[in-house]
Amino acid sequence: MKKYTKTHEWVSLHGTDATIGISNHAQELLGDVVYADLPSVGKTVKKGEILCSLESVKAAAEVFCPVTGTVKEVNNALNDNPEIINQSAETDGWIAKLTISDRSEYESLMDESAYKAFCATHQ
């Protein structure tokens, strides 16, 4: 099950492994992504810190980490094809996988219905 943040990131948890990306709503607002500045494998990121940045034809945006953890893998396909984020933001367009240190951070995030309600009231 995916959980979402108010800054439009999503996280999917499998044991202590979290896959992180931006929501479909976020990629629509951002426009065509032309560059992804991916984090380094081994980097420790705290909840709320910048995980990476994305550049689009419209703007640059920071992606904030929804949970604390250590980057164990990045989506290297985004280096050559950052538009995958636009085509498939919540599946193939994932950004990084982390080993998390505090599951309660994940539990405190919004589920899909709460996120959709949040987006509807924060246009």
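Values in this text are rule-based calculations from the coordinates and carry no lab data. Since we're looking at a predicted model, the values are computed, not measured. Virtual Cβ from ideal backbone geometry, glycine too; neighbours counted across all protein chains shown.
Quote the charge dipole size of the range 63-123 about the Cα centre in Debye, to the nearest 20; the model charges only the Cβ of Lys and Arg (+1) and of Asp and Glu (-1).
100
If I take every Cα pair under 8 Å that is 6 or more residues apart in the range 2-121, average their sequence separation and divide by the length, what percent do I get for the relative contact order?
On the way: 269 pairs, mean separation 38.5, N = 120.
Reported relative contact order: 32 percent.
So if I place +1 on the C-beta of Lys and Arg and -1 on the C-beta of Asp and Glu, and nothing else carries charge, what would the dipole magnitude of the chain be about its Cα centre? I want it in debye, nearest 20.
Result for the chain is approximately 340 debye, rounded to the nearest 20.
Magnitude of the Cβ-charge dipole of the range 36-93, K/R +1 and D/E -1, about the Cα centre, nearest 20 debye?
320
Can you give the calculated 222 nm mean residue ellipticity of the chain, where each DSSP H run of n ≥ 4 adds -39,500 (n - 2.57) and the sum is split over every residue, rounded to the nearest 500 deg cm²/dmol?
-5500 deg cm²/dmol
Computed from the coordinates I sent, Rg and Dmax of the Cα atoms in Å equals one of [x] 17.7, 55; [y] 13.5, 41; [z] 13.2, 37. Tell me the label.
Among [x] 17.7, 55; [y] 13.5, 41; [z] 13.2, 37, the one calculated here is [z].
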